[in-house]
Amino acid sequence: MGLFEDRLVADGLVSGVALEQAKVTARLKRRSLTDVLIDNGLVKEGELLKFSAKQYGLSFVDIEDLDIDPNAIRAVSAKLATHYDIVPVKLSNKILTIAVSNPMDMAVVEDIEVNHGFHVERVLVCRSDISKALRKYYGVGVATVERILADGTDREDVGSGDVSHDLAEGTEDASVVRLVNQLLKDAIKDRATDIHFEIMRDHVVTRRRIDGVLHDTRISDNIRVLYPSIVSRIKLMSGLNIVERRLPQDGRARVNVDGLDYDLRVSVVPSIHGEDVVIRILPTSMLFDLKDLGYSGNEYDMLVDLISKPHGIIFVTGPTGSGKSTTLYACLSRLNTRERKIITIEDPVEYELPGITQTQINPKIGLTFERSLRSMLRHDPDVMMVGEVRDAETAEIAVQTAMTGHLVLSTLHTNDAASAAVRLIDMGVEPYLITTTVLCFVAQRLIRVICENCKESYDDNGEVFYRGAGCRKCGGSGYSGRVSISEILPLAPSIQELIIQKRSAADIRLEADKLGFRTLRQDGEEKVRAGITTQEELLRVTAW
């Protein structure tokens, strides 16, 4: 054994037997000894790098503590950085400092010093930190892009349209298939719910929606050359026509990441420079619970009591992306027993719920909300969910269904609960039908939660509030995850009277205040005081 290996054993980091086995594995698989020791769980990476730092006279650092020099990034190509798995940190007077995870690999030092003329200094950083930094400063999938262009790989090699796609990187071949897999996998691991590919005249913009907010994602500048092939691959995955580039198309695909399945909803629309693509990412299985969504206290008890009624209609309102469908799914999950027949009509079906009949509308063949609703009544359901009331006919049928002894759950696009009744009247629903069938209107928004890893308190005029300082786990945003804020408006007699009189939403809201029903903002303020979210986030979500 070498001196380094002797000291590993002498310091008790690994046994002699385990070390010998790791050396054999490293030799057979042509991998570094340190990688094998870490990947096999024989030594924790941090402990090994701290030990290595002492042996080699280097520093072991957290990459978040480093101030990355843009000049250093520009001095080292993406191809070289990704090939050796390093991150340039600082460039000063021809001295280049690089972050490495393997102190025994001197090839990168020799390469840079011989071919670039820099003197190289090293610091030790964990491999996962290097991977994140490479994506941050060079772009997601940059190594694959560089290899495709360098190797001259067939840019139209976009793979087949399989039913399900495993995104595990089981091959080292540089291809568009691998590149798309990397882009999807990275977005899923960062908790993105949407990926937006936007084609401009001379570049491609990629953005991801995380916790309801869009963030730019760095990608290789050269990806513009491969963009048509990327779009073709996404189309094939989602069962779309790769030849059609003039009309919008919608499709879906299923992928697997680390053993978990995800549904992808793909929308492709033509733009002046090509085609823009939006991919919505949905887990195929979720646990839906109203308390986990943010409902608590009086609102939780009130909603649970209302969905237990044998008939009537409950409307959940809010703009697109406010979590209306998720709340309905949580209600359905609570109602889903063998004693109940539950049918849903959706556009599209977002999550699969075992034990429930779910129907996706298809206007192209005449399968609309209203036609589906009429047909589903013949199946004698106890509970029905209508994904959205969009027009007078659907609203009328939903209300009539509630009158005939069914519990109906649906959504409306209004800003608050008080405006929902006015919206139904504007659609042409008679006020007396609203007052005799609607159990309540629920308005909600999704609000970001302060990251627990970097949560800190601060004083504001003698009152303690909380915020996220920003850390690696939350991507520097200070937030991680979302919960709902809500207001529930049951149709009390005085509210019903105002609806019969066709009074304004302002009048209904004023009466709700008198009756003591909590507003969206009041629910949000309570979550601010509880340290769940911030004042700034509440203002962002409720500023209308």
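The values are calculated or read from the model by the stated rules, or taken from the named source; none is laboratory data. Computed from a predicted model, the values in this text were never measured in an experiment. As a convention, Cβ positions derive from the backbone with ideal geometry for all residues, glycine included, and neighbour counts pool all protein chains shown. Surface areas here come from the heavy atoms of the whole protein model, side chains and all, with no ligands, DNA or RNA. Shrake-Rupley method; radii C 1.70, N 1.55, O 1.52, S 1.80 Å.
Side notes on the structure shown:
- For the chain, the longest principal axis of the C-alpha atoms and the axis of helix 297-307 are separated by about 60°.
- Global form of the range 325-417, assessed from the alpha-carbon gyration tensor, a/c cut-off 1.5: rounded
- Compared with the dominant principal axis of the Cα atoms in the chain, helix 505-514 is inclined by about 90°.
- Between the alpha-carbon centres of the range 38-71 and the range 519-544 there is a gap of 41 Å.
- Rounded accessible area per residue of the range 1-154, 1.4 Å, Å²: 52
- Since only MET237, GLN501, ALA192 are under comparison, the one whose Cα sits farthest along the positive direction of the charge dipole of the chain, derived from C-beta charges on Lys, Arg, Asp and Glu, is MET237.
- Carbon and sulfur %, accessible surface of the range 1-100 computed with the full protein complex present, 1.4 Å: 48
- Derived scalar couplings between HN and Hα for the range 268-276 equal 10, 10, x, 10, 5, 10, x, 10, 8 Hz in order, rounded to whole Hz, by the Karplus curve 6.51 cos²θ - 1.76 cosθ + 1.60 (θ = phi - 60°), x for Gly and Pro.
- Kirkwood Rh and Cα Rg combined as Rg/Rh, the chain: 1.05
- Evaluated at q = 0.19, 0.22 Å⁻¹: base-10 log I(q)/I(0), Debye formula over Cα of the range 345-488: -1.11, -1.38
- Amide H contacts for TYR479 (H built 1.01 Å from N in the peptide plane; partners 5 or more residues away or on another chain; cut-off under 5 Å): CYS451.
- Reduced Cα scattering model of the range 274-389, Debye log10 I(q)/I(0), q = 0.13, 0.21 Å⁻¹: -0.56, -1.38
- Using every pair of separate Cα atoms, the Kirkwood estimate puts the hydrodynamic radius of the range 1-71 at 13.3 angstrom.
- Amide H within-cut-off set for ILE219, under 5 Å, with H built and near neighbours excluded: VAL140
- The residues of the range 214-265 present an accessible area of 50 Å² per residue when probed at 1.4 Å with all protein chains retained.
- Cα shape, the range 1-160, gyration tensor, a/c 1.5 rule: oblate
- Rounded to the nearest Hz, the phi-derived 3J(HN,Hα) couplings of the range 12-25 under the Karplus curve 6.51 cos²θ - 1.76 cosθ + 1.60 (θ = phi - 60°) are x, 6, 7, 7, x, 5, 5, 5, 4, 5, 5, 5, 5, 4, where x marks glycine and proline.
- Helix 127-137 axis versus longest C-alpha principal axis of the chain: approximately 70°, rounded to the nearest ten.
- Over 28 Å (Cα to Cα) - which of LYS473/LYS527; LYS50/LYS136; LYS79/LYS185; LYS23/LYS44; LYS54/LYS132; LYS54/LYS189 fall in this group: LYS54/LYS189
- By the equivalent-ellipsoid construction on the alpha carbon gyration tensor, the range 261-338 comes out with semi-axes of 33, 15, 12 Å, ordered largest to smallest.
- Carbon/sulfur fraction of accessible area - the range 400-544, other protein chains in place, 1.4 Å, %: 47
- Cross-link partners of LYS309 among lysines, defined as those whose alpha carbon lies under 19 angstrom from its own and excluding same-chain residues fewer than eight positions apart: LYS341.
- Heavy-atom accessible area per residue - the range 367-508, 1.4 Å, Å²: 42
- Using the Karplus relation 6.51 cos²θ - 1.76 cosθ + 1.60 with θ = phi - 60°, the per-residue 3J(HN,Hα) values for the range 249-262 come to 9, 10, x, 8, 8, 10, 10, 10, 10, 6, x, 10, 8, 9 Hz, with x marking Gly and Pro.
- Charge dipole of the range 440-544 about the Cα centre (unit charges at C-beta), most positive-ward option of CYS451, GLY516, ALA530: CYS451
- Note on LYS364: aspartates and glutamates with a C-alpha under 20 Å away, same-chain residues under 8 apart excluded, are GLU244, ASP250, GLU346, ASP347, GLU350, GLU388, ASP391, GLU393.
- Exposed-site-free run, longest, the chain (rule: GluC sites (Glu not before Pro); DSSP loop; at most 10 other C-beta within 10 Å): 340-544
- From helices alone, the chain scores -11500 deg cm²/dmol at 222 nm; the rule is -39500 (n - 2.57) for each run of n ≥ 4 DSSP H residues, then divide by the residue total.
- For the chain, CYS126, CYS331, CYS440 stand unpaired, since no other cysteine beta carbon lies under 4.7 Å from theirs.
- Gyration tensor verdict on the range 303-351 (Cα atoms; rounded if a/c is under 1.5, prolate if a/b is larger than b/c, oblate otherwise): oblate
- Expressed as a whole percent, the proportion of Cα-Cα pairs in the range 428-470 lying more than 11 Å apart is 76%.
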